[in-house]
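I have placed the structure first, in the form of structure tokens, so that the comments after it can refer back to it.
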Amino acid sequence: MYVDSHCHLDFPDLAAREDEVLATMAANDVGTALCISVKLEDFPRVLSLAERHPQLWASVGVHPDNADCDEPDVARLVALADHPKVVAIGETGLDYYWQKDAPEWQRARFRTHIRAARETGKPLIIHTRSAADDTLRLMREEKAGEAGGVMHCFTESWDVAAGALELGFYISFSGIVTFRNAKDLKEVARRVPLDRLLIETDSPYLAPVPHRGKTNEPGWVVHVAEELARLRDEPLETIAAATTDNFFRLFSHAQRPA
Ligand SMILES: [Zn+2]
Ligand SMILES: [Zn+2]
């Protein structure tokens, strides 16, 4: 069995095909997926997916790219996370690629999420782009290691991976690792310890080879696992078992299907 540790099934392209997307998951042996919140305004739809389907789980948080939206404080996140299907806080983090002025509100929001994760004991889903130094600095300052979590859709250098691993974090690879031009990232994927590895689609974005350019979906996380097996020269079953065990160890509030 495989687990997609990060997808956006509430986004319109996938929500419109919910039954079909869940059927492809089942057909590909993807037994669990974590539906990620990016805005409080959309959180009810993310939670509804998790409430209606036993194989789906939810996170609660506000993505660093969303500038004008409902801004959470710690108490609000803690209250929203107090639900048996909410197993993580995020996605949160810093993104200076889309917000080139590196605004202070991103860092304040990130600190809020880390504090909520520590208070709830539910791990963090961290997004970082063009902001690795500040991301690691804030993780250290706010003691993110006490909550734990994952660096999702990892695209940074080995040094950044090592910094996150040192804090006890997991590293999740998306379809980007299957792209031919992702040479440096493939090298990082070879080096992450097996017991810290996760796989994800970040669907509907970033469809892996051989589906590159299409609308991505959780069933295709299998191709990410296949690429990791190839890069690391490990059997596919080893990658499948390790990433599944790692998911349920990290997101300990999610139940493994029988
Ligand atoms: Zn992200
Ligand atoms: Zn995402």
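The values are calculated or read from the model by the stated rules, or taken from the named source; none is laboratory data. None of these values were measured; they are calculated from a predicted model. Methodologically, a virtual Cβ is constructed for each residue, glycine included, from the backbone with ideal geometry; neighbour enumeration extends over all protein chains shown. Areas reflect the complete protein model, heavy atoms only, side chains present, ligands, DNA and RNA absent. Shrake-Rupley method; radii C 1.70, N 1.55, O 1.52, S 1.80 Å.
For segment 119-140, name all the residues that are of a type outside the set (A, V, I, L, M) and either part of a loop (DSSP other than H, G, I, E, B) or in contact (Cβ under 8 Å) with a residue 12 or more places away in the chain (or both). Spell out the reasoning first.
Narrowing segment 119-140 to residues of a type outside the set (A, V, I, L, M): 119-123, 127-130, 133-135, 137, 140.
Answer for segment 119-140, where residues must be of a type outside the set (A, V, I, L, M) and either part of a loop (DSSP other than H, G, I, E, B) or in contact (Cβ under 8 Å) with a residue 12 or more places away in the chain (or both): E119, T120, G121, K122, P123, H127, T128, R129, S130, D134, T135, R140.
Looking at P218, P204, P193, which one is closer than 22 Å to I126 by Cα, within 16 Å of ligand 2 (Cβ to nearest atom) and surrounded by fewer than 22 Cβ atoms within 10 Å (Cβ to Cβ)? Steps first, answer last, please.
Numbers: P218 fails: surrounded by fewer than 22 Cβ atoms within 10 Å (Cβ to Cβ); P193 fails: within 16 Å of ligand 2 (Cβ to nearest atom).
Every option except P204 fails the conditions.
Can we say T92 is of a type in the set (S, T, Y) and either surrounded by fewer than 20 Cβ atoms within 10 Å (Cβ to Cβ) or more than 16 Å from M151 (Cα to Cα) (or both)? Please lay out each step first, then the result.
Details: of a type in the set (S, T, Y): yes; either surrounded by fewer than 20 Cβ atoms within 10 Å (Cβ to Cβ) or more than 16 Å from M151 (Cα to Cα) (or both): no.
It is false that T92 is of a type in the set (S, T, Y) and either surrounded by fewer than 20 Cβ atoms within 10 Å (Cβ to Cβ) or more than 16 Å from M151 (Cα to Cα) (or both).
Hey, among L124, L194, which residue is under 28 Å from M25 (Cα atoms) and touching a Gly at 6+ places or on another chain (Cβ under 7 Å)?
Details: L194 fails: touching a Gly at 6+ places or on another chain (Cβ under 7 Å).
Selected residue: L124, the only one of L124, L194 that is under 28 Å from M25 (Cα atoms) and touching a Gly at 6+ places or on another chain (Cβ under 7 Å).
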Checklist entry - On the given criteria, is I176 buried (at least 24 other Cβ atoms within 10 Å of the Cβ) and out of contact with any Pro (no Cβ under 6 Å at 6 or more places or on another chain)? => result no
Next on the checklist: Checking the conditions here, which among H113, H63 is within 15 Å of ligand 2 (Cβ to nearest atom), of a type outside the set (G, A, S), within 30 Å of P257 (Cα to Cα) and outside any loop (DSSP other than H, G, I, E, B)?
Outcome noted: H113
Next on the checklist: I'd like to check something: does segment 143-152 contain any residue that is more than 16 Å from ligand 1 (Cβ to nearest atom), outside any loop (DSSP other than H, G, I, E, B), touching a residue at least 24 places away in the same chain (Cβ under 8 Å) and open to solvent by 30 Å² or more (accessible area, probe 1.4 Å)?
Outcome noted: yes
Checklist entry - Among (1) without any contact (Cβ under 8 Å) to a residue 60 or more places away in the chain; (2) within 29 Å of R107 (Cα to Cα); (3) within 16 Å of ligand 2 (Cβ to nearest atom); (4) not polar (S, T, N, Q), which single condition is I36 missing? => result (1)
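Out of everything in segment 156-170 that is within 17 Å of K183 (Cα to Cα) and either in contact (Cβ under 8 Å) with a residue 60 or more places away in the chain or not polar (S, T, N, Q) (or both), what residue ends up being surrounded by the fewest Cβ atoms within 10 Å (Cβ to Cβ)?
Residues of segment 156-170 that are within 17 Å of K183 (Cα to Cα), as a first pass: 156-161.
From the residues that got through so far, the ones that are either in contact (Cβ under 8 Å) with a residue 60 or more places away in the chain or not polar (S, T, N, Q) (or both) too are 156, 158-161.
Working: E156: 21, W158: 15, D159: 11, V160: 19, A161: 21.
The qualifying residue surrounded by the fewest Cβ atoms within 10 Å (Cβ to Cβ) is D159.
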Checklist outcome for this item: Given (1) away from ligand 1 (no atom under 16 Å from the Cβ); (2) open to solvent by 10 Å² or more (accessible area, probe 1.4 Å); (3) in contact (Cβ under 8 Å) with a residue 40 or more places away in the chain, A116 misses just (2)
Item to check | In segment 126-170, the residues that are among the aliphatic types (A, V, I, L, M) and more than 19 Å from R115 (Cα to Cα) | outcome: A131, A132, V160, A161, A162, L165
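Quick test for you: out of W98, W105, pick the one residue that is in a helix (DSSP H, G or I), open to solvent by 10 Å² or more (accessible area, probe 1.4 Å) and closer than 25 Å to F154 by Cα. Reasoning before the result, please.
Numbers: W98 fails: in a helix (DSSP H, G or I).
It is W105.
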Next on the checklist: Taking the conditions exactly as written (more than 29 Å from L56 (Cβ to Cβ), under 17 Å from the mean Cα position of the chain (by Cα) and either in contact (Cβ under 8 Å) with a residue 40 or more places away in the chain or more than 15 Å from ligand 2 (Cβ to nearest atom) (or both)), does A102 satisfy them or not?
Outcome noted: no
Checklist entry - Under the condition of being more than 16 Å from ligand 1 (Cβ to nearest atom), assigned to a loop (DSSP other than H, G, I, E, B) and aliphatic (A, V, I, L, M), which residue from segment 1-60 is least open to solvent (accessible area, probe 1.4 Å)? => result M1
